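Notes to accompany the following structure.
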Amino acid sequence: MSQTETRGDAVAQTTDTERTTVDPPAADVRLDDSSGQFGDKLFSGVSLAAGIVILLVLAGVAAFLVRDAIPAVTASPEDLNRDTTFWGYVGPLVIGSVIASLIAIVVATPIGIGIALFISHYAPKRLAQPLGYVIDLLAAIPSVVYGAWGALVFGPALVPAFAWLSANAGFIPIFAGGYSQTGRTLLTAGLVLAVMVLPIITSLCRELFLQTPKLHEEAALALGATRWEMVKAAVFPFARAGIVSSVMLGLGRALGETMAVALVLSPGPLTASLINTGNSTIPAEIALGFSEAFGIRRSELIAAGLVLFVITLLVNMIARAVVARYKDFSGAN
(Lines give C-alpha, C1' and ligand atoms only; values in the text may rest on other atoms or scores of the structure.)
Protein backbone atom coordinates (compact mmCIF):
# COMPACT_ATOMS: atom_id res chain seq x y z
CA MET A 1 0.00 0.00 0.00
CA SER A 2 1.42 3.38 -0.94
CA GLN A 3 1.91 6.30 1.41
CA THR A 4 -0.80 8.30 -0.36
CA GLU A 5 -3.42 5.58 0.11
CA THR A 6 -2.49 5.24 3.79
CA ARG A 7 -2.91 8.99 4.30
CA GLY A 8 -6.31 8.93 2.49
CA ASP A 9 -7.60 6.12 4.73
CA ALA A 10 -6.54 8.05 7.80
CA VAL A 11 -8.33 11.18 6.62
CA ALA A 12 -11.49 9.18 5.87
CA GLN A 13 -11.43 7.59 9.33
CA THR A 14 -10.95 11.00 10.95
CA THR A 15 -13.87 12.46 8.95
CA ASP A 16 -16.17 9.61 9.98
CA THR A 17 -15.16 10.12 13.60
CA GLU A 18 -15.90 13.87 13.39
CA ARG A 19 -19.29 13.20 11.80
CA THR A 20 -20.15 10.80 14.58
CA THR A 21 -19.08 13.34 17.20
CA VAL A 22 -20.57 16.46 15.65
CA ASP A 23 -23.83 15.01 14.33
CA PRO A 24 -25.29 12.73 16.99
CA PRO A 25 -28.60 11.02 16.23
CA ALA A 26 -31.52 13.39 16.63
CA ALA A 27 -33.54 12.82 19.78
CA ASP A 28 -37.18 11.82 19.43
CA VAL A 29 -38.85 15.04 20.71
CA ARG A 30 -42.64 15.23 20.76
CA LEU A 31 -44.39 18.54 21.42
CA ASP A 32 -47.62 18.54 23.38
CA ASP A 33 -49.95 20.64 21.20
CA SER A 34 -53.17 19.71 22.98
CA SER A 35 -53.51 23.24 24.43
CA GLY A 36 -53.08 24.82 21.00
CA GLN A 37 -55.65 22.52 19.45
CA PHE A 38 -58.10 23.34 22.24
CA GLY A 39 -57.61 27.07 21.65
CA ASP A 40 -58.16 26.68 17.91
CA LYS A 41 -61.31 24.64 18.45
CA LEU A 42 -62.63 27.14 21.01
CA PHE A 43 -62.01 30.13 18.74
CA SER A 44 -63.55 28.30 15.78
CA GLY A 45 -66.63 27.40 17.82
CA VAL A 46 -67.10 30.94 19.12
CA SER A 47 -66.75 32.38 15.61
CA LEU A 48 -69.22 29.87 14.21
CA ALA A 49 -71.70 30.60 17.00
CA ALA A 50 -71.41 34.36 16.39
CA GLY A 51 -72.06 33.88 12.68
CA ILE A 52 -75.08 31.68 13.37
CA VAL A 53 -76.49 34.23 15.84
CA ILE A 54 -76.19 37.01 13.26
CA LEU A 55 -77.97 34.91 10.64
CA LEU A 56 -80.71 33.96 13.09
CA VAL A 57 -81.29 37.58 14.09
CA LEU A 58 -81.39 38.64 10.44
CA ALA A 59 -83.82 35.84 9.61
CA GLY A 60 -85.98 36.76 12.62
CA VAL A 61 -86.17 40.41 11.58
CA ALA A 62 -87.03 39.43 8.00
CA ALA A 63 -89.72 37.00 9.19
CA PHE A 64 -91.28 39.64 11.44
CA LEU A 65 -91.33 42.22 8.65
CA VAL A 66 -92.82 39.81 6.12
CA ARG A 67 -95.49 38.56 8.53
CA ASP A 68 -96.70 42.03 9.53
CA ALA A 69 -96.33 43.51 6.04
CA ILE A 70 -98.53 41.00 4.19
CA PRO A 71 -101.88 42.62 5.21
CA ALA A 72 -100.83 46.00 3.81
CA VAL A 73 -99.22 44.62 0.65
CA THR A 74 -102.34 42.62 -0.23
CA ALA A 75 -104.87 45.27 0.88
CA SER A 76 -107.02 47.23 -1.54
CA PRO A 77 -106.96 51.04 -1.72
CA GLU A 78 -110.27 51.13 0.18
CA ASP A 79 -108.74 49.15 3.05
CA LEU A 80 -105.77 51.52 3.14
CA ASN A 81 -108.00 54.61 3.09
CA ARG A 82 -106.13 56.10 0.14
CA ASP A 83 -106.44 56.36 -3.62
CA THR A 84 -103.63 53.96 -4.46
CA THR A 85 -102.38 50.55 -3.43
CA PHE A 86 -99.45 50.08 -1.09
CA TRP A 87 -96.99 50.24 -3.98
CA GLY A 88 -98.36 53.57 -5.09
CA TYR A 89 -97.87 54.82 -1.53
CA VAL A 90 -94.35 53.50 -0.98
CA GLY A 91 -93.01 54.36 -4.45
CA PRO A 92 -92.52 58.11 -3.78
CA LEU A 93 -90.91 57.26 -0.43
CA VAL A 94 -88.42 54.97 -2.15
CA ILE A 95 -87.62 57.68 -4.69
CA GLY A 96 -87.13 60.24 -1.93
CA SER A 97 -84.86 57.91 0.05
CA VAL A 98 -82.72 57.09 -2.98
CA ILE A 99 -82.44 60.73 -4.11
CA ALA A 100 -81.45 62.01 -0.65
CA SER A 101 -78.88 59.22 -0.26
CA LEU A 102 -77.40 59.82 -3.72
CA ILE A 103 -77.08 63.54 -3.02
CA ALA A 104 -75.25 62.72 0.20
CA ILE A 105 -72.85 60.28 -1.47
CA VAL A 106 -72.16 62.49 -4.50
CA VAL A 107 -71.28 65.43 -2.24
CA ALA A 108 -69.49 63.56 0.56
CA THR A 109 -67.33 61.16 -1.48
CA PRO A 110 -64.94 63.60 -3.21
CA ILE A 111 -64.76 65.82 -0.12
CA GLY A 112 -64.10 62.86 2.17
CA ILE A 113 -61.40 61.40 -0.08
CA GLY A 114 -59.79 64.82 -0.45
CA ILE A 115 -59.71 65.43 3.31
CA ALA A 116 -58.34 61.93 3.94
CA LEU A 117 -55.61 62.44 1.34
CA PHE A 118 -54.70 65.83 2.81
CA ILE A 119 -54.41 64.38 6.32
CA SER A 120 -52.39 61.35 5.25
CA HIS A 121 -50.00 62.81 2.65
CA TYR A 122 -50.04 66.59 2.55
CA ALA A 123 -50.76 68.13 5.95
CA PRO A 124 -47.89 68.63 8.42
CA LYS A 125 -48.02 66.29 11.40
CA ARG A 126 -48.93 69.03 13.87
CA LEU A 127 -52.02 69.80 11.77
CA ALA A 128 -52.92 66.30 10.56
CA GLN A 129 -53.48 64.81 14.01
CA PRO A 130 -55.85 67.51 15.35
CA LEU A 131 -57.74 67.55 12.03
CA GLY A 132 -58.18 63.80 12.25
CA TYR A 133 -59.61 64.17 15.76
CA VAL A 134 -62.09 66.78 14.53
CA ILE A 135 -63.27 64.51 11.71
CA ASP A 136 -63.72 61.62 14.14
CA LEU A 137 -65.64 63.90 16.49
CA LEU A 138 -68.21 64.61 13.76
CA ALA A 139 -69.19 60.93 13.82
CA ALA A 140 -69.98 61.14 17.54
CA ILE A 141 -72.57 63.92 17.18
CA PRO A 142 -76.14 62.53 17.53
CA SER A 143 -78.27 62.58 14.41
CA VAL A 144 -80.97 64.61 16.16
CA VAL A 145 -78.44 67.43 16.58
CA TYR A 146 -77.70 67.35 12.86
CA GLY A 147 -81.44 67.41 12.18
CA ALA A 148 -82.07 70.39 14.44
CA TRP A 149 -79.14 72.25 12.88
CA GLY A 150 -80.37 71.47 9.37
CA ALA A 151 -83.95 72.58 10.11
CA LEU A 152 -83.18 75.75 12.09
CA VAL A 153 -79.87 77.00 10.66
CA PHE A 154 -78.72 75.29 7.49
CA GLY A 155 -82.10 75.12 5.72
CA PRO A 156 -82.99 78.83 6.11
CA ALA A 157 -79.43 79.74 5.07
CA LEU A 158 -79.97 77.91 1.78
CA VAL A 159 -83.14 79.83 0.84
CA PRO A 160 -81.22 82.54 -1.10
CA ALA A 161 -79.40 79.80 -3.00
CA PHE A 162 -82.72 78.12 -3.77
CA ALA A 163 -84.09 81.42 -5.05
CA TRP A 164 -81.09 81.87 -7.32
CA LEU A 165 -81.38 78.29 -8.64
CA SER A 166 -85.09 78.71 -9.31
CA ALA A 167 -84.51 81.97 -11.20
CA ASN A 168 -81.41 81.01 -13.17
CA ALA A 169 -81.54 77.21 -13.45
CA GLY A 170 -85.29 76.68 -13.64
CA PHE A 171 -84.93 75.06 -17.05
CA ILE A 172 -83.51 72.04 -15.19
CA PRO A 173 -86.48 70.01 -13.87
CA ILE A 174 -84.95 69.45 -10.42
CA PHE A 175 -84.78 73.24 -9.87
CA ALA A 176 -88.10 74.16 -11.47
CA GLY A 177 -91.49 74.84 -9.90
CA GLY A 178 -90.63 77.46 -7.32
CA TYR A 179 -88.70 77.01 -4.11
CA SER A 180 -89.35 76.51 -0.41
CA GLN A 181 -89.36 79.58 1.81
CA THR A 182 -88.25 77.51 4.81
CA GLY A 183 -85.41 75.62 3.16
CA ARG A 184 -86.74 72.30 4.44
CA THR A 185 -86.39 70.41 1.18
CA LEU A 186 -85.00 67.15 -0.10
CA LEU A 187 -81.82 68.90 -1.23
CA THR A 188 -81.28 70.24 2.30
CA ALA A 189 -81.84 66.78 3.73
CA GLY A 190 -79.32 65.31 1.27
CA LEU A 191 -76.69 67.90 2.20
CA VAL A 192 -77.23 67.26 5.91
CA LEU A 193 -76.80 63.54 5.24
CA ALA A 194 -73.58 64.37 3.37
CA VAL A 195 -72.22 66.03 6.50
CA MET A 196 -73.22 62.98 8.53
CA VAL A 197 -71.56 60.38 6.28
CA LEU A 198 -68.47 62.53 5.68
CA PRO A 199 -66.58 61.33 8.80
CA ILE A 200 -67.26 57.68 7.90
CA ILE A 201 -65.77 58.01 4.42
CA THR A 202 -62.92 60.24 5.60
CA SER A 203 -61.85 58.06 8.52
CA LEU A 204 -61.81 54.83 6.53
CA CYS A 205 -60.02 56.35 3.55
CA ARG A 206 -57.45 58.01 5.82
CA GLU A 207 -56.53 54.68 7.42
CA LEU A 208 -56.31 53.05 4.00
CA PHE A 209 -54.05 55.76 2.62
CA LEU A 210 -51.75 55.50 5.64
CA GLN A 211 -51.37 51.74 5.06
CA THR A 212 -50.00 52.18 1.55
CA PRO A 213 -46.57 50.47 1.39
CA LYS A 214 -43.89 53.11 1.78
CA LEU A 215 -41.64 51.31 -0.69
CA HIS A 216 -44.25 51.83 -3.41
CA GLU A 217 -44.48 55.54 -2.66
CA GLU A 218 -40.71 55.99 -2.47
CA ALA A 219 -40.21 54.04 -5.69
CA ALA A 220 -42.65 56.31 -7.53
CA LEU A 221 -40.94 59.43 -6.17
CA ALA A 222 -37.51 58.02 -7.02
CA LEU A 223 -38.62 57.59 -10.64
CA GLY A 224 -39.34 61.32 -10.82
CA ALA A 225 -43.08 61.35 -10.10
CA THR A 226 -44.61 64.34 -8.39
CA ARG A 227 -46.53 63.80 -5.17
CA TRP A 228 -49.86 63.80 -6.99
CA GLU A 229 -48.55 61.36 -9.61
CA MET A 230 -47.30 59.16 -6.76
CA VAL A 231 -50.77 59.23 -5.20
CA LYS A 232 -52.38 58.21 -8.50
CA ALA A 233 -49.82 55.48 -9.18
CA ALA A 234 -49.37 53.98 -5.71
CA VAL A 235 -51.97 55.14 -3.19
CA PHE A 236 -55.24 55.00 -5.12
CA PRO A 237 -54.66 51.54 -6.67
CA PHE A 238 -53.78 50.12 -3.25
CA ALA A 239 -56.85 51.63 -1.55
CA ARG A 240 -59.36 51.23 -4.39
CA ALA A 241 -61.38 48.37 -2.86
CA GLY A 242 -61.40 50.06 0.53
CA ILE A 243 -62.62 53.33 -0.97
CA VAL A 244 -65.55 51.52 -2.56
CA SER A 245 -66.31 49.86 0.78
CA SER A 246 -66.28 53.19 2.63
CA VAL A 247 -68.60 54.78 0.07
CA MET A 248 -71.05 51.88 0.30
CA LEU A 249 -70.94 52.03 4.09
CA GLY A 250 -71.77 55.72 3.92
CA LEU A 251 -74.60 54.97 1.49
CA GLY A 252 -76.04 52.45 3.93
CA ARG A 253 -75.92 55.04 6.71
CA ALA A 254 -77.65 57.60 4.51
CA LEU A 255 -80.39 55.17 3.47
CA GLY A 256 -81.23 54.28 7.05
CA GLU A 257 -80.98 57.72 8.66
CA THR A 258 -84.21 58.68 10.42
CA MET A 259 -84.24 61.57 12.85
CA ALA A 260 -82.13 64.05 10.91
CA VAL A 261 -84.23 63.62 7.76
CA ALA A 262 -87.49 63.69 9.72
CA LEU A 263 -86.55 67.01 11.34
CA VAL A 264 -85.27 68.61 8.14
CA LEU A 265 -87.97 67.62 5.66
CA SER A 266 -91.42 69.12 5.28
CA PRO A 267 -93.18 65.98 4.02
CA GLY A 268 -95.50 66.32 1.08
CA PRO A 269 -96.45 64.69 -2.23
CA LEU A 270 -93.77 63.61 -4.64
CA THR A 271 -92.37 66.51 -6.66
CA ALA A 272 -89.70 66.65 -9.33
CA SER A 273 -88.04 69.69 -7.73
CA LEU A 274 -85.34 69.31 -5.09
CA ILE A 275 -85.78 72.85 -3.79
CA ASN A 276 -89.54 72.84 -3.24
CA THR A 277 -91.55 71.46 -0.34
CA GLY A 278 -92.49 67.84 -0.85
CA ASN A 279 -91.06 64.34 -0.92
CA SER A 280 -90.11 62.25 2.05
CA THR A 281 -88.08 59.15 2.86
CA ILE A 282 -89.03 55.77 4.26
CA PRO A 283 -87.21 56.19 7.61
CA ALA A 284 -88.71 59.66 8.15
CA GLU A 285 -92.20 58.40 7.28
CA ILE A 286 -91.91 55.54 9.77
CA ALA A 287 -90.48 57.74 12.52
CA LEU A 288 -93.19 60.39 12.16
CA GLY A 289 -96.15 58.02 11.89
CA PHE A 290 -95.41 54.84 13.82
CA SER A 291 -96.18 56.09 17.33
CA GLU A 292 -99.82 56.80 16.42
CA ALA A 293 -100.32 53.97 13.93
CA PHE A 294 -102.50 50.93 14.53
CA GLY A 295 -104.21 48.28 12.46
CA ILE A 296 -103.67 48.48 8.73
CA ARG A 297 -101.69 51.73 9.05
CA ARG A 298 -99.16 50.01 11.31
CA SER A 299 -98.90 47.16 8.82
CA GLU A 300 -98.37 49.70 6.05
CA LEU A 301 -95.43 51.30 7.84
CA ILE A 302 -93.90 47.92 8.60
CA ALA A 303 -94.24 47.02 4.92
CA ALA A 304 -92.40 50.23 4.06
CA GLY A 305 -89.69 49.12 6.48
CA LEU A 306 -89.52 45.79 4.67
CA VAL A 307 -88.94 47.61 1.39
CA LEU A 308 -86.11 49.59 3.00
CA PHE A 309 -84.70 46.34 4.41
CA VAL A 310 -84.61 44.81 0.92
CA ILE A 311 -83.03 47.94 -0.58
CA THR A 312 -80.31 47.98 2.07
CA LEU A 313 -79.65 44.27 1.56
CA LEU A 314 -79.31 44.76 -2.19
CA VAL A 315 -76.95 47.71 -1.69
CA ASN A 316 -74.71 45.61 0.55
CA MET A 317 -74.73 42.71 -1.89
CA ILE A 318 -73.78 45.02 -4.73
CA ALA A 319 -71.07 46.55 -2.55
CA ARG A 320 -69.59 43.13 -1.82
CA ALA A 321 -69.59 42.26 -5.51
CA VAL A 322 -67.93 45.55 -6.46
CA VAL A 323 -65.29 45.24 -3.74
CA ALA A 324 -64.50 41.67 -4.82
CA ARG A 325 -64.19 42.79 -8.42
CA TYR A 326 -61.79 45.59 -7.55
CA LYS A 327 -59.72 43.27 -5.38
CA ASP A 328 -59.41 40.80 -8.27
CA PHE A 329 -58.57 43.65 -10.63
CA SER A 330 -55.89 44.97 -8.28
CA GLY A 331 -54.46 41.49 -7.88
CA ALA A 332 -54.32 41.03 -11.63
CA ASN A 333 -52.34 44.21 -11.97
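Taking volume of the Cα convex hull per residue in Å³ as calculated from this structure, the corresponding entry among (i) 129; (ii) 287; (iii) 145 is (ii).
Highest mean packing comes first when the peptides 120-126, 51-57, 308-314 are listed by Cβ atoms within 10 Å, giving 308-314, 120-126, 51-57. Using Cα atoms only, what is the angle between the long axis of helix 3-22 and the major principal axis of the chain, expressed in degrees (0 to 90) to the nearest 10? Around 40 degrees separate the two axes. The angle between the Cα long axis of helix 155-168 and the longest principal axis of the Cα atoms of the chain comes to about 80 degrees, rounded to the nearest 10.
The phi-based Karplus calculation (6.51 cos²θ - 1.76 cosθ + 1.60; θ = phi - 60°) puts the 3J(HN,Hα) values of region 236-253 at 4, x, 5, 9, 4, 5, x, 5, 4, 4, 5, 5, 5, 5, x, 5, x, 5 Hz, whole numbers, x for Gly and Pro.
3J(HN,Hα) couplings calculated from phi for region 131-146 with the Karplus curve 6.51 cos²θ - 1.76 cosθ + 1.60 (θ = phi - 60°) are, in sequence order, 5, x, 5, 5, 4, 5, 5, 4, 6, 8, 6, x, 5, 5, 5, 4 Hz; Gly and Pro show x. Averaged over its residues, the chain has an accessible area of 58 Å² per residue, based on protein heavy atoms and a 1.4 Å probe.
Region 62-97 and region 207-266 have Cα centres spaced 38 Å apart. Here the chain has 68 percent of its accessible surface on carbon and sulfur atoms, given a 1.4 Å probe and all protein chains in place.
Under 11 Å from a label point set 7 Å out along the Cα-to-Cβ vector of Asn81, the amide N atoms of region 266-304 belong to 293-298. Note on Ile95 and Phe290: the model spin-label points, each 7 Å out from Cα along the C-beta direction, lie 2.5 nm apart. Packing here is the average count of other Cβ atoms within 10 Å per residue, and on that basis the peptides 80-89, 164-173, 188-197, highest first, run 188-197, 80-89, 164-173. Principal-axis analysis of the Cα atoms of the chain puts helix 186-210 at an angle of about 10° to the longest axis. Taking 0.36 nm per residue of separation and subtracting the current Cα-Cα distance, fully stretching the chain between Thr312 and Ile52 would add 91.5 nm. From its DSSP helices (H runs of at least four residues, each -39,500 (n - 2.57)), the chain gives a residue-normalised ellipticity at 222 nm of -24500 deg cm²/dmol.
The values are calculated or read from the model by the stated rules, or taken from the named source; none is laboratory data. This one's a predicted model, so the numbers in the text were calculated from it and none came from an experiment. Please note: Cβ atoms are built from the backbone with ideal geometry, for glycine as well, and neighbour counts cover all protein chains shown. Side chains included, ligands, DNA and RNA excluded: accessible areas come from the protein's heavy atoms. Shrake-Rupley method; radii C 1.70, N 1.55, O 1.52, S 1.80 Å.
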